[in-house]
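Okay, structure first, notes after.
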Amino acid sequence: MTTYYFWISLAVLLIAFLLSAFRILREYERGVVFMLGRFYRVKGPGLIVIIPIVQQMVKVDLRIRVLDVPTQDVISRDNVSVKVNAVLYFRVVDAQKAVINVEDFFAATSQLSQTTLRSVLGKHELDEMLASRDELNRDIQEILDDQTDSWGIKVSNVEIKHVDLDEAMVRVIARQAEAERIRRAKVIHANGEKEAAQVLLEAARTLSEQPQALQLRYLQTLTEVANDRSSTIVFPLPMDLLKGFLKPGETGG
């Protein structure tokens, strides 16, 4: 009876041993296989066979991962303190390097992204952070992609999400924007006065060349003034203009 149970137990162990040799990896997974502690090969996807005890496998996911970079305190080049956070998209392109060259590629990429974010933004002024995010995103992405290449990591995109300022700095920026609007309004007004002066100068030259045009202009002005009956307006007229309205022999006086 004891022998019977022995053989049954041996058979169960043998079946379990054989079943443990078979692994199934999905399309987006790869298995880094080690034989007696040394790198053997990368397998997958599909059904793969691992020799138990002799070989060990580390599974790696090749899909794009999203890393939320925590809020970082950054001092810009013009000595303004801001809080910046970002999001990072990356994926494993070389499973062998991701397992062998770095202990935890996800944690390593997270820490590297935080230091790179502070370093890159600290080289720019506040106005550049607010107005040139696309360029800053490209700079951070290129630096991270270059440094994580030895880990088998490809950084595909970096996006700065928020640049938070304290209330005092927000008020300063608002005053600066208001002053800029006032400056533009004054420039526009001055340009308008300049253009009006040029047009008036041309009109004066035209009227001086044609006295009849000057008389018509006076009459048009009188017509416009006559519409306002709330007050009495004394309108001076030159003597030359009155000569056309006097009878022969009359004099203005």
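The values are calculated or read from the model by the stated rules, or taken from the named source; none is laboratory data. Here the structure is a predicted model, which means the values were calculated and not measured. Because the Cβ atoms are built from the backbone with ideal geometry, glycine has one as well, and the counts that use them run over all protein chains shown. Just the protein is used for accessible areas: all its heavy atoms, side chains included, with ligands, DNA and RNA removed. Shrake-Rupley method; radii C 1.70, N 1.55, O 1.52, S 1.80 Å.
Here are the numbers:
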| quantity | calculated |
| --- | --- |
| Pair list, Cβ under 6 Å, 6 or more apart: region 63-82 residue touching a residue at least 12 places away in the same chain (Cβ under 8 Å), other residue open to solvent by less than 80 Å² (accessible area, probe 1.4 Å) and charged (D, E, K, R) | SER76/GLU125; ARG77/GLU125; ASP78/GLU125 |
| Some residue of region 158-171 being of a type outside the set (Phe, Trp, Tyr), open to solvent by less than 50 Å² (accessible area, probe 1.4 Å) and in contact with a Ser or Thr (Cβ under 6 Å, 6 or more places away or on another chain) | no |
| Helices (runs of 4 or more DSSP H) lying entirely in region 92-171 (those with 3 or more residues that are more than 13 Å from SER76 (Cβ to Cβ) and touching a residue at least 12 places away in the same chain (Cβ under 8 Å)) | 95-100, 105-121, 133-147 |
| Number of positions in region 41-50 that are open to solvent by 50 Å² or more (accessible area, probe 1.4 Å) and aliphatic (A, V, I, L, M) | 3 |
| Residue that is nearest to the chain's Cα centre (by Cα) [pool: residues in region 1-56 that are polar (S, T, N, Q) and modelled with pLDDT of 85 or more] | GLN56 |
| Of all residues making up region 9-40, the number that are in a loop (DSSP other than H, G, I, E, B) and polar (S, T, N, Q) | 1 |
| Looking only at region 3-40, and only at residues there that are loosely packed, with under 11 Cβ neighbours inside 10 Å and of a type in the set (D, E, K, R), the one that is farthest from GLN96 (Cα to Cα) | GLU27 |
